[in-house]
1. Averaging sequence separations of C-alpha pairs under 8 Å and six or more residues apart, then dividing by the length of segment 1-49, give the relative contact order as a whole percent.
2. Can you compute the equivalent ellipsoid semi-axes for the chain, i.e. the square root of 5 times each eigenvalue of the Cα gyration tensor, sorted largest first and rounded to whole Å?
3. In degrees between 0 and 90, to the nearest 10, how far off the longest principal axis of the chain does helix 206-215 point, with axes built from Cα atoms?
4. Using Cα pairs closer than 8 Å and at least 6 residues apart in sequence, work out the relative contact order for the chain, in percent.
5. Taking all protein chains as present, what is the carbon and sulfur share of the accessible area of segment 120-192, in % to the nearest whole number, probe 1.4 Å?
6. Using only DSSP helix segments of four residues or longer, with each worth -39500 (n - 2.57), what per-residue ellipticity at 222 nm results for the chain after dividing by its residue count and rounding to 500?
7. Please report the spacing between the Cα centers of segment 16-59 and segment 306-329 in Å, no decimals.
8. Taking only Cα atoms, what is the 0 to 90° angle, nearest 10, from helix 43-53's long axis to the longest principal axis of the chain?
Amino acid sequence: MSDAGSAEGRAAIREAARVIRDGGLVAFPTETVYGLGANALDARAVARIFEAKQRPLNDPLILHIASLDDLTDLTSATAQSDATALGSLVAGLTRAFWPGPLTLVLPRSRNVPPIVSAGLDTVAVRMPDHPVAQALIHASGVPIAAPSANRFGHVSPTTAQHVLDDLNGRIDLVLDSHATSIGVESTVLDLTTAPPRILRPGGVTREQIEHALANIGQRLAPDDPQLLPRIPRNMPLPSPGMLPSHYAPRAQLALCRDTDSLLAQRANFAARGLKTGLLILESQRQACANLHPQFVLGETLSDIARNLYAGLRALDSAGVDVILVTEVPRSGLGEAIADRLARAAAKAVETEANRDHD
Ligand code: AMP
Ligand code: MG
């Protein structure tokens, strides 16, 4: 299928909804990345997500809903309870960003099985802006718990083929639609602390959230670069996307300051006999002509976000040892892109350190 509205699409969604209601696993497109969904209210179905992804149980999932009314059963804070401070935050933010790539962390209702939230007393919820995701949630009649549909720690999938490359044989069904339009995960915003705090940068930018909060007389907690080292080991993670090494390709990823440094590093790695792939911008095409393999991301931050994971996967498939990419500015969508690049590169450093010590 590719279209939620066609007869074929509607039949595929009916079948997928049946799988969800029967406790199975369905991978489906959203505007951010493909998700791996199960009935969020069925603890055994949710456990299968962790098993299929080989995801540790201390890494909580996001609940996906298709209407604001669905919030009522999942959290004590709803958009309707405008009288409370939390209620007015939920109302203001859902009005501004839902459906869309913003996940809200809220107090968890007892209806939500603890496994969904890794035992935390909070729950993460979002309303995806994608016709297939919305139709699936409606047809299932339950909230759908869904992390990204990849093996744990690997690059998130932006096409149905990426899902199959990671999870074929481990899930019941994939709803195959177009490549996702945003390409990086949702922004995770914690509303259980005052002021609200971004736990993971994503498809909605810090600037957009600041603007929406200002409209309701609220502000955002400043970016806290010290956040990561303070997370105690073996505790449920406030946000899985906060792991230092995540979103990682098999190859080593190295970040370069500019095109000159990218070319110098490529020559350096080549001299060491390493096969190097380039993730480049349109504007770097000429400087990198005849340097293969290469993958062109486009030019704008939206292009880079949309194509980044496909690029990492393509260069991995080409069998490179090292992937080189230039850094992006940390404003707007650049914050999410820089975050993913840093975490993808963190794995590479560990891998190289391990190699050195083996
Ligand atoms: P994934 O979609 O694979 O990136 O995983 C789900 C994401 O949900 C994680 O990266 C977390 O950022 C987020 N998340 C889920 N539940 C919670 C929660 N209760 N508190 C904070 N973050 C959460
Ligand atoms: Mg993920």
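The values are calculated or read from the model by the stated rules, or taken from the named source; none is laboratory data. From a predicted model like this one, the values you see are computed outputs, not experimental measurements. So basically every Cβ, Gly included, is an ideal-geometry build from the backbone, and we count neighbours across all protein chains shown. Only protein heavy atoms, including side chains, enter the accessible area calculation; ligands, DNA and RNA are left aside. Shrake-Rupley method; radii C 1.70, N 1.55, O 1.52, S 1.80 Å.
1. 24 percent
2. After scaling each eigenvalue by five and taking roots: 34, 24, 19 Å.
3. Relative to the chain, helix 206-215 is tipped by roughly 30 degrees.
4. 19 percent
5. Reported share for carbon and sulfur atoms: 47 percent.
6. The per-residue figure over the chain is -11000 deg cm²/dmol.
7. Cα centroid to Cα centroid, the span is 27 Å.
8. Taking the Cα atoms of the chain, the angle to 43-53 is about 0 degrees.
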